[in-house]
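The values are calculated or read from the model by the stated rules, or taken from the named source; none is laboratory data. Values in this document were obtained by computation on a predicted structure and should not be read as measured data. We place every Cβ from the backbone using ideal geometry, glycine too, and count neighbours over all the protein chains shown.
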Number of protein chains: 2
Amino acid sequence: MSAIPALDFGKLGGIVPVVTQDALSGEILMQGFMDREAWERTLEERVAYYYSRSRGRLWKKGETSGHLQRVVEAWVDCDEDAVLLKVRQEGGGACHTGYRSCFYRRVGSEGLEVVGERRFDPAKVYGEEEPPA
Amino acid sequence: MSAIPALDFGKLGGIVPVVTQDALSGEILMQGFMDREAWERTLEERVAYYYSRSRGRLWKKGETSGHLQRVVEAWVDCDEDAVLLKVRQEGGGACHTGYRSCFYRRVGSEGLEVVGERRFDPAKVYGEEEPPA
């Protein structure tokens, strides 16, 4: 990767929203944020890095679980203030709750309905450690 | 819609990120934000509303262009701080630049490569008016 495209990090105080999509199925796996370092390392290493707002630091996706996201393509939106990653998700799922996608609940007439299926047991993957978010 | 699921609007000062996906093709059309009013009206009227950060107000998608987004499904993520909308996009495209998706540029070895195709002429759709973002 010779050129790292510029992004507008100023609108949210140093981060931009990131949409992460399964490159094959098109399923949305998660929505996160990147700071400049996460963006650069994602493009350089071709695995997804995010900025963890809860921890206030760089977060390599899968650093604890081993469930890396291999970057197939990266896209930038019209205003250069959002990123779309198309990835190959390693391991069972993207969500720290054990679901394949963080979006496993659909709005129904009675409130939220769980639609997704658990792919792994978070207690076995993360142990006592609080997974990043 | 009898119950409006609660969202955590506090992390970004009153808004949450929204991912908008074509319900049929799975293509990501845009990434935007919603405040509480946008979330409620989206579920009540089944068309997408956002919060326009540039205008600082509620924004009904397609209010100028007529290119409404009909909501097929709404999803909430694990932390209840992000929304996924699956929509039927009316008109030619979702992006104010005339492309079907706001993500029409892919990161390549030489920088950003335009991959998407223009579906409408923004000057004809918006005239002199600055489209919302």
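Suppose we filter A:92, A:98, A:26 for residues that are in contact with a Gly (Cβ under 8 Å, 6 or more places away or on another chain), under 23 Å from residue B:114 (Cβ atoms) and surrounded by fewer than 24 Cβ atoms within 10 Å (Cβ to Cβ); which single one remains?
Being in contact with a Gly (Cβ under 8 Å, 6 or more places away or on another chain), under 23 Å from residue B:114 (Cβ atoms) and surrounded by fewer than 24 Cβ atoms within 10 Å (Cβ to Cβ) holds for just one of A:92, A:98, A:26, which is A:26.
Annotation: of all residues in the range A:96-123 being among the charged types (D, E, K, R) and more than 9 Å from chain B (Cβ to nearest Cβ), the one that is nearest to the chain's Cα centre (by Cα) is A:100. Summed over the range B:67-95, residues that are in contact (Cβ under 8 Å) with a residue 24 or more places away in the chain and more than 7 Å from chain A (Cβ to nearest Cβ) total 18. Residue check: residue A:7 meets all listed conditions (1) under 30 Å from residue B:24 (Cβ atoms); (2) not in a loop (DSSP other than H, G, I, E, B) but one, namely (2). Residue-level check: of (1) in contact with a helix residue (DSSP H, G or I) (Cβ under 9 Å, 6 or more places away or on another chain); (2) modelled with pLDDT of 95 or more, residue B:10 misses just (1).
Table: residues versus (1) in contact (Cβ under 8 Å) with a residue 24 or more places away in the chain; (2) facing chain A (nearest Cβ under 8 Å); (3) of a type in the set (Ser, Thr, Tyr).
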| position | (1), (2), (3) |
| --- | --- |
| B:4 | yes, no, no |
| B:9 | yes, no, no |
| B:17 | yes, yes, no |
| B:26 | no, yes, no |
| B:35 | yes, no, no |
| B:46 | yes, no, no |
| B:52 | yes, no, yes |
| B:56 | no, no, no |
| B:59 | yes, no, no |
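So is residue B:87 crowded, with 17+ Cβ neighbours inside 10 Å and among the hydrophobic types (A, V, I, L, M, F, W, C) or not?
Here the answer is yes, as residue B:87 does meet what is asked.
Within the range A:67-126, the set of residues being among the aromatic types (Phe, Trp, Tyr) and either closer than 23 Å to residue B:102 by Cα or assigned to a strand (DSSP E or B) (or both) comprises A:75, A:99, A:103. For the range B:41-63, the set of residues classified as surrounded by 15 or more Cβ atoms within 10 Å (Cβ to Cβ) and assigned to a strand (DSSP E or B) consists of B:47, B:49, B:50, B:51, B:52, B:58, B:59, B:60, listed by residue number.
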